[in-house]
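The values are calculated or read from the model by the stated rules, or taken from the named source; none is laboratory data. Predicted model, so just to flag it, every value in this text is computed and none were measured. Backbone-built Cβ (ideal geometry, glycine too); neighbour counts: all protein chains shown.
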Amino acid sequence: MSKTHVTRRSLLVSAAAMPAAAALPAWAEAPMLGAATARFNRFKLGGFEVTTLLAGTMTRRDPHSIFGLNASDEEFAAAAQSANIPTDAAQFFFTPTVVNTGAELVLFDTGLNAEGITGALAEAGYTPDQIDVVVITHMHGDHIGGLMDGDTPTFPNARYVTGAVEFDAWAAQGNDTFEAKMRPLAEQTAMIEDGANGFAGHTAMAAFGHTPGHMVHMIESEGKSLLLAADFANHYVFSLARPDWEVSFDMDKAKAAETRKRLLDMLATDKIPFVGYHMPWPGTGYVERDGDGFRYQPTSYQLML
């Protein structure tokens, strides 16, 4: 019996000679599903469990009209180019955080609306009635928007915690969103000052500037620390990396820049991870020094260990 010697060249020649009709058919065209990501990310912090929630995301055009108001077009374009991101659009992320202390389920901020936060909570395995405490870092609409579902509180069993300076400042303005979302919950809200402890392992820290009473929150358990940094920096390139760049959302731009530099120095010096409400999803990262400035370093597996 003769043997046939098969070589790579003979296979290629045979394939080239095969009629098109003999080729395997494509059984179906797979539909385009659109960009997507999981809406929660969970990790341990000592004895606590921390879950970041993607309560919303959107594309905003012309980011230079928001960030780097005191930077030239050339400076802004150079910053974008160095980070390999476009100059004509930026992706915004809205990232509330749940901390499970083992005794209480604490939600920090509530996103743009009730639908966004309850949807993200559901994907993470929680229901709104499980939330024991809602901490509001400041009163911008993308942080208090999910407090109420129409005229009904979204979190029926929760108590609320927020900064006294922040509440008083917005209460004096007559802001429509504040009046609809925060004012109805005033009697259930504890007003706190810098250094207050809302629960075991929690310390509130004044970080004024973005809003009059904006606060960040240090979480500590079993020797591990994490800063819930809210909006002290609104973009990882155009704000965090350039703390002197003015941001349109900052109500006191000079004080906001001062706060940014103070917190960035602390995070870089102490190597504390943080959750940034508007950092790229899943919102967790570190701050590194970069010459005289700073650089955002997203987490990889550090918080999984």
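Say we look at the stretch 256-300 and pick out the residues that are among the acidic types (D, E) and not in a helix (DSSP H, G or I); which of these is nearest to T51 (Cα to Cα)?
The qualifying residue nearest to T51 (Cα to Cα) is E288.
Scan the stretch 168-192 residue by residue and report those that are closer than 20 Å to G209 by Cβ and of a type in the set (G, A, S).
If the condition is that a residue be closer than 20 Å to G209 by Cβ and of a type in the set (G, A, S), then A169, A171, A172 are the ones that fit.
What number of residues in the stretch 172-189 are in contact (Cβ under 8 Å) with a residue 12 or more places away in the chain, over 22 Å from H217 (Cα atoms) and among the hydrophobic types (A, V, I, L, M, F, W, C)?
Adding up the residues that qualify gives 1.
Criterion first (in contact with a strand residue (DSSP E or B) (Cβ under 6 Å, 6 or more places away or on another chain), touching a residue at least 12 places away in the same chain (Cβ under 8 Å) and within 20 Å of T101 (Cα to Cα)) does K224 satisfy it? Step through it out loud before you land on a result.
On the way: in contact with a strand residue (DSSP E or B) (Cβ under 6 Å, 6 or more places away or on another chain): yes; touching a residue at least 12 places away in the same chain (Cβ under 8 Å): yes; within 20 Å of T101 (Cα to Cα): yes.
So K224 fits the description; yes.
Checking F48 against (1) aromatic (F, W, Y); (2) in contact with a Phe, Trp or Tyr (Cβ under 8 Å, 6 or more places away or on another chain); (3) within 28 Å of V135 (Cα to Cα), which single condition isn't satisfied?
Unmet condition: (2).
Restricting to the stretch 102-145, name every residue that is closer than 19 Å to K44 by Cα and in a loop (DSSP other than H, G, I, E, B).
Of everything in the stretch 102-145, those that are closer than 19 Å to K44 by Cα and in a loop (DSSP other than H, G, I, E, B) turn out to be G102, A103, E104, G125, Y126, I131.
Could you please find all residues in the stretch 48-75 being among the hydrophobic types (A, V, I, L, M, F, W, C), over 30 Å from E220 (Cβ atoms) and buried (at least 20 other Cβ atoms within 10 Å of the Cβ)?
Once the filter is applied, which keeps residues that are among the hydrophobic types (A, V, I, L, M, F, W, C), over 30 Å from E220 (Cβ atoms) and buried (at least 20 other Cβ atoms within 10 Å of the Cβ), the stretch 48-75 yields only F67.
Condition check: surrounded by 22 or more Cβ atoms within 10 Å (Cβ to Cβ) and in contact with a Pro (Cβ under 9 Å, 6 or more places away or on another chain). Does F232 satisfy that?
No, not satisfied.
Kindly provide the set of residues from the stretch 55-93 that are part of a loop (DSSP other than H, G, I, E, B) and free of Cβ contacts under 8 Å to residues at least 40 places away in the same chain, ordered by number.
Within the stretch 55-93, D62, S72, N84, P86, T87, D88 qualify.
Quickly run through the stretch 116-167 and pick out the residues that are among the aromatic types (F, W, Y) and within 24 Å of H214 (Cα to Cα).
Within the stretch 116-167, F155, Y160, F167 qualify.
Say we look at the stretch 150-172 and pick out the residues that are in contact with a helix residue (DSSP H, G or I) (Cβ under 7 Å, 6 or more places away or on another chain) and within 15 Å of I131 (Cα to Cα); which of these is surrounded by the most Cβ atoms within 10 Å (Cβ to Cβ)?
This residue is F155.
Do we find a residue being farther than 23 Å from E75 by Cβ and among the polar types (S, T, N, Q) anywhere in the stretch 229-243?
no
From the list T37, T52, pick out the single residue that is assigned to a loop (DSSP other than H, G, I, E, B) and at pLDDT 70 or above.
Values: T52 fails: assigned to a loop (DSSP other than H, G, I, E, B).
Result of the check over T37, T52: T37.
Among the residues of the stretch 153-191, count how many are among the basic types (K, R) and either on the phi > 0 side of the Ramachandran plot or out of contact with any Asp or Glu (no Cβ under 8 Å at 6 or more places or on another chain) (or both).
Here the count works out to 2.
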